[in-house]
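The values are calculated or read from the model by the stated rules, or taken from the named source; none is laboratory data. From a predicted model like this one, the values you see are computed outputs, not experimental measurements. Note that we place each Cβ from the backbone using ideal geometry, even for glycine, and neighbour counts take in every protein chain shown.
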Amino acid sequence: MAENGRRQFVKYSFFKVDSLWRRLDKQTKADHKEEFAAIVDETASHIFTRTFSLVGLRGDTDFLLWQSADDLESIQDSATQMWSTGLGSYLTQPYSYLSMTHRSPYVSKHKHGGQEGTSIRLRPGKAEYFIVYPFLKTREWYLLPSEERQRMMNDHFKIGHQYPSVKINTTYSFGLDDQEFVVAFETDNPSDFLDLVMDLRGVEGSLYTLRDTPIFTCIHRSIDDTLDSLGG
């Protein structure tokens with residue numbers, strides 16, 4: 001996406017389909033999926049929209065819709081249309097996270113090729129796997145001198161550089177939603193991400209993590225494949 005001076009809203013919407021939907025006749029389910037997919041495709045024509053399946057990966061959610069737009073109304077309008085579909089009447093939204101893009105205060109002099117931090121526009125990649133979680137730091141973190149926080153973040157960056165296959169997308173939720181950040185990682189190698197997280201447990205900055213769950217591991221699929229993964 002082109003760089004400009006306007007930050008974006010970012011929305012992570014996790015959906016769960018009612019088991020009653022799977023008992024409908026095949027034609028009704030096919031019609032529902034076609035109608036819902038048409039809404040998602042239309043939405044994707046004017047705001048960033050990407051779909052992911054979580055079927056079989058978590059018990060409490062089935063698919064994710066990742067969106068970004070310059071205004072909240074566009075995101076809300078697309079949600080209204082989706083809830084108004086036949087499939088929408090069988091969906092719940094167990095998790096929902098709202099955030100915005102924002103330049104990181106820790107990367108002004110830090111270079112990490114292809115990574116977020118220096119841009120105020122979402123810059124998604126094309127990896128197969130997407131791992132998302134809300135994130136909060138302790139209040140003590142924000143009371144530390146900026147030099148101390150920068151030092152600990154530099155250690156964090158050093159470990160991140162060892163895993164170039166993992167791309168981070170950090171967005172900010174202060175005052176907009178319950179979490180402070182939503183952290184989303186793109187990778188083709190989930191094992192690299194597992195090793196990265198294990199290594200990060202050993203850095204000093206991890207002492208200031210208040211919450212980093214729930215964690216969602218998602219598979220990037222087209223909207224048609226995402227809906228087909230629901231069964232039926």
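A few remarks follow.
This table checks each residue for (1) of a type in the set (D, E, K, R); (2) in contact (Cβ under 8 Å) with a residue 40 or more places away in the chain.
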site	(1), (2)
Gln8	no, yes
Lys11	yes, yes
Phe14	no, yes
Ser19	no, no
Lys26	yes, yes
Ala30	no, no
Lys33	yes, yes
Phe36	no, yes
Ser53	no, yes
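- Taking every residue in the range 171-191 that is within 26 Å of Glu128 (Cα to Cα) and free of Cβ contacts under 8 Å to residues at least 24 places away in the same chain and pairing it with any residue that is surrounded by fewer than 19 Cβ atoms within 10 Å (Cβ to Cβ) and among the charged types (D, E, K, R), at least 6 positions away or on another chain, yields no pair with a Cβ-Cβ distance below 6 Å.
- Residue that is surrounded by the fewest Cβ atoms within 10 Å (Cβ to Cβ) [pool: residues in the range 80-106 that are hydrophobic (A, V, I, L, M, F, W, C) and farther than 22 Å from Arg121 by Cβ]: Trp83
- The range 1-27, residues that are assigned to a helix (DSSP H, G or I) and either loosely packed, with under 13 Cβ neighbours inside 10 Å or within 19 Å of the chain's Cα centre (by Cα) (or both): Ser19, Leu20, Arg22, Arg23, Lys26, Gln27
- Pairing residues of the range 132-159 that are on the phi < 0 side of the Ramachandran plot with residues that are of a type in the set (Lys, Arg), at Cβ distances under 6 Å and at least 6 apart in sequence or on separate chains, gives Leu136/Arg211.
- Test: Thr187 is buried (at least 16 other Cβ atoms within 10 Å of the Cβ) and either in contact with a helix residue (DSSP H, G or I) (Cβ under 6 Å, 6 or more places away or on another chain) or of a type in the set (Phe, Trp, Tyr) (or both): yes
- Thr61 being under 20 Å from the mean Cα position of the chain (by Cα), part of a loop (DSSP other than H, G, I, E, B), at negative phi and not acidic (Asp, Glu): yes
- Where strands (runs of 3 or more DSSP E) fall entirely within the range 127-232, those with at least 3 residues that are under 21 Å from Thr101 (Cα atoms) and hydroxyl-bearing (Ser, Thr, Tyr) are at 166-172.
Yes or no, residue by residue, for (1) modelled with pLDDT of 95 or more; (2) surrounded by 18 or more Cβ atoms within 10 Å (Cβ to Cβ); (3) of a type in the set (S, T, N, Q):
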residue	(1), (2), (3)
Phe130	yes, yes, no
Arg149	yes, yes, no
Phe174	yes, no, no
Ser191	yes, no, yes
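- Among the criteria (1) farther than 27 Å from Leu87 by Cβ; (2) surrounded by 17 or more Cβ atoms within 10 Å (Cβ to Cβ), the one Leu230 does not fulfil is (1).
- Qualifying residue in the range 98-106 (condition: at pLDDT 95 or above and among the charged types (D, E, K, R)): no
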